[in-house]
Amino acid sequence: MGEMISFKRPDGGSCEGYLAGPAKAPGIVVIQEWWGLNDQIRRVAERFAAAGYRALVPDLFRGQVAMEAKEAEHLMEGLDFADAANEDIRGAVQYLKASGSAKVGVSGYCMGGALTVLAAVFVPESDANVTWYGYPPLEYVDPARIKAPLLGHFATQDQFFAIGGVEALEGELKGAGVAYEFHRYEAKHAFANEEADSMKLRPLGYEPKAAELAWKRTLAFFEKYLR
């Protein structure tokens, strides 16, 4: 099991996070969905830990966890995405590197997937990035600044992040010569979240086969770039 820790942001402030996994192993910063640092995202960190990584989930909502969609939307709308990417996520990457991880990647889901793409732009210390069904508005993405490889998992039936936006992002990345690999799955948003169906939101849907395939691709990607 992991533990809550505190780490420094580049601006000198602090952020708490959930840390799991063996010391000195390659690191992965895991970025939450809009629900917050809940038990489900902790289990994702534990799964990375079981695969031999140090996983750190920064608490972007500062202890707040949503149980319903309206509450989650409210928390997400109150989040400063630039601050989260430049300070919380970058601070988490820097913490892992300073405390024993030679290489560190970032992997995020939904809102965290959008933040992962931003981290690819604004966190130069990251060595590899994996976004799961999420991307930010293209005006915030300068592909020329992305130096680390990027893997993306997207759902063709996603009602939160339309697949057309994925194609637009792909065009920007290709034009800038970014090393990227995007996969599309016949699934709904949050297809890798085992709790998606219990949330009773029709736009969400857990798809175990797609989730397992995406997980295997993610581990192979991190094995290639972080070890």
Taking the criterion of being touching a strand residue (DSSP E or B) at 6+ places or on another chain (Cβ under 7 Å), of a type outside the set (Ser, Thr, Tyr), under 18 Å from Ala45 (Cβ atoms) and crowded, with 23+ Cβ neighbours inside 10 Å, would at least one residue in segment 134-148 satisfy it? yes
Give me the residue from segment 24-47 that is outside any loop (DSSP other than H, G, I, E, B) and of a type in the set (A, V, I, L, M, F, W, C) and, out of that set, surrounded by the fewest Cβ atoms within 10 Å (Cβ to Cβ). Ile41
Can you tell me which of Leu219, Leu213, Leu201, Leu226 is within 27 Å of Ala72 (Cα to Cα), out of contact with any Cys (no Cβ under 8 Å at 6 or more places or on another chain) and among the aliphatic types (A, V, I, L, M)? Leu201
Residue list for segment 66-83, restricted to those being aliphatic (A, V, I, L, M), part of a loop (DSSP other than H, G, I, E, B) and closer than 14 Å to Ala114 by Cα: Leu79
Among the residues of segment 58-100, write down those that are in contact with a Lys or Arg (Cβ under 7 Å, 6 or more places away or on another chain) and among the hydrophobic types (A, V, I, L, M, F, W, C). Leu96
Cβ-Cβ under 7 Å pairs, at least 6 apart or on other chains, segment 43-57 side within 11 Å of Pro26 (Cβ to Cβ), far side of a type in the set (Val, Ile, Thr): Phe48/Ile28; Phe48/Val30; Tyr53/Ile28; Ala55/Ile28; Ala55/Val30
Identify the single condition in (1) surrounded by 13 or more Cβ atoms within 10 Å (Cβ to Cβ); (2) free of Cβ contacts under 8 Å to residues at least 40 places away in the same chain; (3) of a type in the set (Asp, Glu) that Glu212 does not satisfy, given that it satisfies every other one. (1)
Is there any pair linking a residue in segment 111-133 that is over 19 Å from Leu79 (Cα atoms) and among the basic types (Lys, Arg) to one that is modelled with pLDDT of 95 or more and surrounded by fewer than 24 Cβ atoms within 10 Å (Cβ to Cβ), with Cβ under 7 Å and at least six apart or on different chains, and which? none
Residues located in segment 96-108, provided they are part of a helix (DSSP H, G or I) and touching a Pro at 6+ places or on another chain (Cβ under 7 Å): none
For segment 60-75, which positions are surrounded by fewer than 24 Cβ atoms within 10 Å (Cβ to Cβ) and touching a helix residue (DSSP H, G or I) at 6+ places or on another chain (Cβ under 8 Å)? Phe61, Gln64, Ala66, Ala69
Given the options Tyr185, Tyr206, name the one that is within 25 Å of Met67 (Cα to Cα), touching a helix residue (DSSP H, G or I) at 6+ places or on another chain (Cβ under 6 Å), of a type outside the set (D, E, K, R) and touching a residue at least 12 places away in the same chain (Cβ under 8 Å). Tyr206
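The values are calculated or read from the model by the stated rules, or taken from the named source; none is laboratory data. Values in this document were obtained by computation on a predicted structure and should not be read as measured data. Note that each Cβ is placed from the backbone with ideal geometry, even for glycine, and that neighbours are counted across all protein chains shown.
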